[in-house]
Amino acid sequence: MSTRKTSDREKNEKIRQLREVTGVTEQQARSALQSNDWAVDRAINAFYEESAYSSNTGSSHHSSHHSQTSSSSSSSSSLSRFDRKKIEQLWPTYADPRDTSKMNLDQLLRFISDLKFDPSDREILIFCWKMNASKQGELQRNEFLHGCQDLQCDTLDKLREKIKQLNSEVETDNEKFKQLYIYTFNFARSSTSMKNLDVQPGM
């Protein structure tokens, strides 16, 4: 049973995937992957276990205090009811003028900017995860409407605060971290597969 050597191109792609999920530096990602035979899932699991250990030991008091404040703020915000019409009216502002069933990359970047996030922020991965976006650089109308309804967010302000809250919860909630990891890993792998189909070497 022969083992295939990982090419530099594959290594760079694995580093990119690991950084997207964990937010570590390129050097940290390379080191973690080298320690785990360039297996992204193993490197992620190692990072996840280390993060879980750190959160349970170093910041348990802060975490419990944060969760209490988060729950109290979320309970108060939940008193305002979700209005689906508001989110349906918001959609045309960002829809692709040539195909209103989706946001293209330009509209999506404008939406992210109006949410006051940077495209490189982890919050954007969380947004895509909660919208269940199926394609990078694109968001379907039904994904947006269903995602906002699931989050009970009918304004940009509510959506921004909810994503920030989820970003904090991912740090301490092991189950949410796993869900985000699985979504992001498959999302990145799907995008890579599409690129490989688009560009065939030697053709």
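The values are calculated or read from the model by the stated rules, or taken from the named source; none is laboratory data. As the structure is a computational prediction, the values presented were derived from the model and not from experiment. Every residue, glycine among them, receives a Cβ derived from its backbone with ideal geometry; neighbour counts consider all protein chains shown. To get the accessible areas, we keep the full protein, side chains included, count just its heavy atoms, and leave off ligands, DNA and RNA. Shrake-Rupley method; radii C 1.70, N 1.55, O 1.52, S 1.80 Å.
Details
- Sites HIS146 and GLN89, calculated FRET efficiency, Cβ-Cβ separation with R0 22 Å, nearest 0.05: 0.85
- Potential lengthening between ALA46 and ASP118 on full extension [0.36 nm per residue; Cα-Cα distance subtracted]: 23.2 nm
- Rolling a 1.4 Å probe across all protein chains gives ASP121 an accessible area of roughly 50 Å².
- Cα→Cβ-extended label distance, 7 Å offset, between GLU171 and ARG9, nm: 3.9 nm
- Here the Debye sum runs over all C-alpha atoms of segment 84-191 as equal scatterers in vacuum, and log10 of I(q)/I(0) at q = 0.14, 0.19 Å⁻¹ comes out as -0.52, -0.98.
- Per-residue SASA entry for SER113, accessible area with 1.4 Å probe, Å² rounded to 10: 70 Å²
- Restraint check, LYS102/LYS130; LYS86/LYS158; LYS135/LYS158; LYS130/LYS164; LYS116/LYS158, Cα-Cα greater than 18 Å: LYS135/LYS158
- Built amide H within the under 5 Å cut-off of ASN104, gap 5+: ASP96
- The slack in the chain from THR25 to ARG110, taken as 0.36 nm per residue of separation less the alpha-carbon distance, amounts to 27.9 nm.
- In segment 1-43, trypsin sites (Lys or Arg not before Pro) in a DSSP loop with at most 16 other beta-carbon atoms within 10 Å: ARG4, LYS5
- Largest first, the three principal axis extents of the alpha carbons in segment 8-50 are 28, 19, 14 Å in whole numbers.
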